Amino acid sequence: MEIAKLTDVTRVYTVGEVETHALRGVDLTIGKEEFTTLVGPSGSGKTTLLQLLGCLDMPTAGKVLINGQDATGMNRNERADLRKGTIGFIFQFYALVPTLTAYENVELPLLLIGKKNNHKARVMELLDAVGITDRAEHRPDQMSGGQQQRVAVARALASDPLLILADEPTANLDTENGEQVMEIMKKLNQETGTTFVFATHDPRVIKYAKRVVTLEDGKIIKDEAK
Amino acid sequence: MNYILKMSFRNLARNKRRSFFSALAVAIGTALLLFMSATMRGEMRGSLDLTINLRTGHLQIHTEDYKDENMSLKRVDMIEAPLDISKQIEDIAQVKAASPRLNASGIIAFKNETIGIQIIGIDPSSAANIIYQEGLVEGEYLRADDREGVLIGLPLAESLNMKPGDTIDLIINTSEGETDEQRFTVRGIYTTDTPGYDKATIFMPLEKAQTITRTENYASMIYILLHEMDDTAAVKEAIQAPGYIVEDWEEMNKLIILVEKLSNAMMFFFNLMVLGVTSTVIMNTLLMAVYERTREMGILGALGMKAKQVKALFLTEATLLAIGGVLVGLAIGVPLVLYYAQVGFFFGDMGISGGSSFMIGNSIYPYPTFGDVISVSIAALLITILSGYYPASQAAKLEPVDALHSNN
């Protein structure tokens, strides 16, 4: 089953009179329960591809289907609606809301999709899954980088999305924390069937991947299952 | 919506000092507007009260040709048998006092000084003139049968270094177009706390004023005070008589009413200026917040927060600042206004002349109203919330993909 399908996708950024071709005619299909890594040198188009998969950005040409819905041409609010409950994000810089506790950060996607009640069990279950229940009432500035990234993983899973996109999730973590976060995501992938797509340079991430898609100069040059 | 409120609260708490000073700007603006509107209202109200109590009364009867500013002493311009008419009017239940007055112009000579003044002949026993008895600071009040005594205003007495018992010469116009000069004794010194009026007005018993001006059994007007101002129209209707004109306080105080309207218009622009400064502070605070939290807006957008929810977040922050600021403003402003409404501001002589139709006392007593508190609060709330609209719109416009790449 296809979670996401990109067909002949091009993304050109224009700054002044300078055009930068971030993606050049990319075709990519992401299936259910995949644990896929996008790799490639800086500027190869990994992050742009991830943003298109996440409907944060729109292609200059080509088509983006997410869970069967054509996201191409959707406005900001329609894309926000599509993301809610379908796509979760994990960012390189943890990206927790600094004024909210770990519990509240994980709860936030549930509130945004309009779930009013019975959050507690779900949030605590997720915090338990990432091994951070004892930090539930702590704010981001009271937690280490590894702890914050675990909260970010729990938050990405909160609305039970079909697809989780992670941009350099271990880039700011030491080896031990990086391994722990990857182990958690691998376990969740196996237990819940949630699809994960990573953009990374990090060999620690690549070694966990079931599929590695290699980009260079905005094109997919290799797509191999492991 | 609760999570928006919670996040807004905590966002304001992030930078407590900045939020405090922003709310303080709203508070100072609110307190200032409340104070100014109460002071302006008090000034206008005080001026109208003084002018009614000292010069015009609630109602005034005079002949068709009498002009107050000319102080005509021709019998044809004056009211005959004024005491009889006054007594009839006093029988009306709504009337507090009705009393004849005779206005004449003259010159006071004391030692080597001469000063132009207005002489008013009054019935000392009438309740209409009790204000002068109550305002006596030295000496005695007038008696109706006193043939030589006058009451002098405190500023005039001070400027001429005069005291009760001193003798003065008065040169007074008469109905025959001539002048008469007589010697009087200062019986007492009064004050109405209206320097412009007190330094230019001398009182003597009506009968003596009639004698010296050759207008026996005549008066310039019947001066009428009512128990309730609201009864003006009814009493005016009841005392109409052929050959006489009855003027009410509104007709006689057109200038004050005009100035009050003008001051209300000025207050509107003053309010706009104060609230404009306040809203600029709030707008600046929230724009700074949008700038500082750009990446966070990207994260929230990526999580599925819609533009209208982002806008609601910033508008809620503006609303919280507005509510906090207005409450503190009221907590400062209301007690301050109530205190000064009791003790007043002393300004002294503002240089308004005695002949002016605009009486201003030496103190201003702010007059707060519940309506002012409500309207100032609503205006401050609305302007502050509206000032958050532009920053909120800017935040809502941010595309998550761009915001996520921001360094802030």
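The values are calculated or read from the model by the stated rules, or taken from the named source; none is laboratory data. Everything numeric in this text was worked out from a predicted model, so none of it was measured. In this analysis, Cβ positions are derived from the backbone assuming ideal geometry, glycine residues included, and neighbour counts consider all displayed protein chains. Calculation scope for accessible area: heavy atoms of the full protein, side chains included, ligands and nucleic acids excluded. Shrake-Rupley method; radii C 1.70, N 1.55, O 1.52, S 1.80 Å.
Quick look at the numbers
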read-out: Share, in percent, of DSSP beta bridges within the protein assembly as shown that are antiparallel, nearest 5; value: 70 percent
read-out: Contact surface B-A: accessible area buried, both sides summed, square angstrom, 1.4 angstrom probe; value: 2500 Å²
read-out: Label-point separation in nm, residue A:7 to residue A:19, each point 7 Å along Cα→Cβ; value: 2.3 nm
read-out: Count of lysine pairs in segment A:131-226 with Cα separation under 20 Å (8 or more residues apart, or interchain); value: 10
read-out: Cβ-derived FRET efficiency at R0 22 Å, residue B:2 paired with residue B:405, nearest 0.05; value: 0.10
read-out: Simple Cβ-charge dipole of segment B:80-140, Lys/Arg +1 and Asp/Glu -1, about Cα centre, in debye nearest 20; value: 160 debye
read-out: Residue among B:292, B:247, B:181 with the largest mean-square fluctuation in a Gaussian network model of chain B, springs linking Cα atoms under 10 Å; value: B:292
read-out: Chymotrypsin sites (Phe, Trp or Tyr not before Pro) restricted to segment B:286-385 and DSSP loop, no more than 13 other C-beta within 10 Å; value: B:347
read-out: Residue A:31 long-range amide H proximity, modeled H, under 5 Å; value: A:3
read-out: 10 °C / 1.306 mPa s Stokes-Einstein diffusion coefficient of chain A, Kirkwood radius on C-alpha pairs, µm²/s; value: 89 µm²/s
read-out: Solvent accessible area, Å² - residue B:20, 1.4 Å probe, full protein context; value: 120 Å²
read-out: Chain B: most fluctuating residue of B:362, B:161, B:271 per GNM, C-alpha cutoff 10 Å; value: B:161
read-out: Selection from B:190, B:159, B:172 lying farthest towards where the dipole of segment B:123-276 points positive, charges on Cβ; value: B:159
read-out: Estimated inter-spin distance, residue B:137 and residue B:178, nm [label 7 Å along Cα→Cβ]; value: 3.8 nm
read-out: Rounded to whole Hz, the Karplus (6.51, -1.76, 1.60) HN-Hα couplings of segment A:37-45, x for glycine and proline; value: 10, 9, 10, x, x, 4, x, 7, x
read-out: Relative packing of peptides B:328-336, A:65-73, B:146-154 - highest average C-beta neighbours within 10 Å first; value: B:146-154, B:328-336, A:65-73
read-out: Leading residue at positive end of dipole, chain A (Cβ point charges), from A:25, A:101, A:72; value: A:72
read-out: Protein accessible area in the protein assembly as shown, 1.4 Å probe - carbon and sulfur %; value: 53 percent
read-out: Solvent exposure, largest accessible area first (probe 1.4 Å, DNA, RNA and ligands not counted), of A:201, B:62, A:138, B:405; value: B:405, A:201, A:138, B:62
read-out: 3J(HN,Hα) from dihedral phi, segment B:244-256, Karplus parametrisation 6.51/-1.76/1.60, rounded to Hz, x for glycine, proline; value: 10, 10, 10, 10, 9, 4, 5, 5, 7, 10, 4, 5, 5
read-out: Ordering of B:248-261, B:274-287, B:300-313, B:26-39 by packing [mean C-beta count within 10 Å, highest first]; value: B:26-39, B:300-313, B:274-287, B:248-261
read-out: Residue A:10 long-range amide H proximity, modeled H, under 5 Å; value: A:25, A:26, A:60, A:61, A:62
read-out: Within chain A, percent of DSSP bridges classed antiparallel, to nearest 5; value: 60 percent
read-out: Along principal axes, Cα extents of chain B, largest first, whole Å; value: 97, 47, 30
read-out: Trypsin sites (Lys or Arg not before Pro) restricted to DSSP loop in segment A:1-68 with at most 16 other C-beta within 10 Å; value: A:32
read-out: Cα-based Kirkwood hydrodynamic radius, segment A:135-226, one decimal, Å; value: 14.2 Å
read-out: Rounded to 5, percent antiparallel among DSSP beta bridges of segment B:143-268; value: 65 percent
read-out: Highest-MSF residue in chain A out of A:18, A:130, A:181 [GNM, Cα springs under 10 Å]; value: A:18
read-out: Assigned charges on the beta-carbon of Lys, Arg, Asp, Glu; chain B dipole about Cα centre (debye); value: 3380 debye
read-out: Accessible area (Å², per residue) of chain A, counting only protein heavy atoms and a probe of 1.4 Å; value: 42 Å²
read-out: Two-site label geometry, residue A:61 and residue B:269: point separation in nm, points 7 Å out along Cα→Cβ; value: 6.1 nm
read-out: Net length gained if the chain between residue B:393 and residue B:378 were fully extended (0.36 nm per residue, minus Cα distance); value: 3.1 nm
